[in-house]
Amino acid sequence: MSGGAHRAIAPHRAKRPTVALVTRHWGGGDDEESAATARLVAGALSRHAEVEVVHLSPTGDHPAGALADSVFRVHRIGIKAAMPARAGIARAALTRRGAPLGAAASALLDRLGGQAPGVGERLDAIEARAVVLVGHDQPWDHAGWAAAGHTRCIAIPLLGDSNALALDGFCRLLERCDVVLSAHPGEARAVQTVLGPERAGRVVPLDLAFTINRAAARHRLFGVRWFGRYVVLLRGFPTGAPRLERTITHEMLRAVLGRVSVAEVDVERWRITDGENTLLLPVNPSRVNLWRLMEHAVATIDVRPGGPLGREAIESMLLGTPVLVPEATAAMEHARAASGGLWFADLRELVAATKALLDYPLRNRLAEQGEAYALAHHGEMAPFVERLNGLVLG
Amino acid sequence: MEYLPGDTRLDAELVVEHLRAILAGHAAEAPRQWSPQATFDELMRKMNREPIHLHPAIHHLHHYWNMEALGPPPAGRGPKARVKRFVHRYLEHALGTYFRQELEYRAALAQSIDALAYRIDEVTSADERNLLELVRADLFDLARHVEASCERLGASLESR
């Protein structure tokens, strides 16, 4: 540096495209699978694009303008006149799996879901190259917006319950979308059925990647080794997520498993039990500690109400532990696609399948197959990011 | 799962169907042999701790409460012994009453602590255990009642 002031030369940087992401599921933590998915998708897209999040917030009015959240700009738009409890009851009463809903019933459910006015105008102002709709709860005039514009549209419906496909408005939106990213094979089949054979090719697996800390997972939780072989019973995880309320399963499993212990994850209370002793595990109920428990287990038995993604089932398979999950859930779809686990419809099947998993040749084969599937579809972050950007940006 | 060929993919769906076929052939009820003991294990284990009346501190109290403060008057004939006896007599005169009261107080204290220790042991080893057993039995009854209600409800729904 010889004399004169040093001037930093800004590197030439091409203008990055903008992607808008419209969702009800946006939060700081990963308490909810849908919120975690929205954030992971937004994070992946931010690799090659500026991400503007339109958050349809249930907490009323919000100031105009965007707030900064990490690398994202978040536009909050309040949902007005929503009656979520009534909407849930009405939807459960009116919809039957696979059966179309009448126009009056659809209108009623739309009305109970509330309305978020001004989303279309906000999207127009953002001038995004592509709009990504995360979640099937989209209480805004998407039909009018879709009819007016030619913006590329991608949907990630996250159908925890395929009854949403009975809603006319939502089906029309899916028909308008250039790509529909499905969270699991069952969701893909359901959406393909709605779209018909000519549009079925638009349905593409989302194949969300999950990063696992394998170095940490190798270390067992303190005290667990004294209990020998064990199965993990997932009753409630993470904090705030739905949990199985019945208490019979832990005790019943302990009774039928004989010499195999049961490690139960029940929100913040983690315990492991053999025939005689119970140890309350003094651990932080974190995902890393769940991996440490699952890595060394004979199997992961997930009895929680099904979420839209089946994340813990995928993570268990990534760690080489077969899963046992309830029927008709996202986790079951992954287990079936991978042949990496078994599923059950009732208590008797749960017990029979658990006993079957104690058979080492079967357990090991399922573990191998599950791990291979999970690694191929959900194990690598870099390919997922590039693939998602390709699908969204076109 | 008696046979698993090594080089072909195992279809989990077939395994589930196989298990269901086995279950369909058995009319056995779902297992019911459970007990809510996990909640009580730790409490019951605490019930089995060592009785407090065996605590070493109470033993020490029993052993040393009966200490005479001055002891017998010193024996001997020399001037040193005479001086000692004089001091002893002086102390006995000045503090003897206080020492006797102190001894009685220590005896009462030891007896009180002893009684309390035995009472605590009785409570922990009997009353609380009985209470826990009662609560546990209530839970059993409640669980049976809920299960029976669920089954009745299920049967009535199926019959409609």
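Here are some notes:
- Residue within segment A:160-173 that is open to solvent by less than 20 Å² (accessible area, probe 1.4 Å) and assigned to a strand (DSSP E or B) present: no
- Between A:GLU333, A:GLU276, A:GLU295, the distinction of being open to solvent by 50 Å² or more (accessible area, probe 1.4 Å), of a type in the set (D, E, K, R), closer than 23 Å to A:LEU358 by Cα and within 14 Å of chain B (Cβ to nearest Cβ) belongs to A:GLU276 only.
- Count of segment A:253-273 residues which are under 12 Å from A:ARG235 (Cβ atoms), away from every other protein chain (no Cβ under 12 Å) and either among the aromatic types (Phe, Trp, Tyr) or surrounded by fewer than 23 Cβ atoms within 10 Å (Cβ to Cβ) (or both): 3
- Taken as a whole, segment B:71-93 holds at least one residue that is on the phi > 0 side of the Ramachandran plot and either part of a helix (DSSP H, G or I) or surrounded by 10 or more Cβ atoms within 10 Å (Cβ to Cβ) (or both).
- Leading residue by the ranking (farthest from the other protein chains (Cβ to nearest Cβ)) among those in segment A:354-382 that are open to solvent by less than 20 Å² (accessible area, probe 1.4 Å) and touching a residue at least 40 places away in the same chain (Cβ under 8 Å): A:HIS378
- Taking first residues from segment B:95-121 that are touching a residue at least 12 places away in the same chain (Cβ under 8 Å) and partners that are of a type in the set (S, T, N, Q), the Cβ contacts under 9 Å between residues at least 6 apart in sequence or on separate chains come to B:LEU103/B:ASN66; B:ARG106/B:ASN66; B:ALA107/B:ASN66; B:ALA110/B:ASN66.
- Set A:ALA66, A:ALA82, A:ALA42, A:ALA49: member being modelled with pLDDT of 90 or more and within 20 Å of A:GLY27 (Cβ to Cβ): A:ALA42
- Number of residues in segment B:57-70 that are open to solvent by less than 90 Å² (accessible area, probe 1.4 Å) and in a helix (DSSP H, G or I): the value is 4.
- Count of residues meeting criterion [closer than 17 Å to A:LEU208 by Cβ and part of a strand (DSSP E or B)] in segment A:34-61: 1
The values are calculated or read from the model by the stated rules, or taken from the named source; none is laboratory data. Computed from a predicted structure; not experimentally measured. No Cβ is skipped: glycine too gets one built from the backbone with ideal geometry, and neighbour counts run over all protein chains shown. We work out accessible area using only protein heavy atoms, side chains counted, and drop any ligands, DNA or RNA first. Shrake-Rupley method; radii C 1.70, N 1.55, O 1.52, S 1.80 Å.
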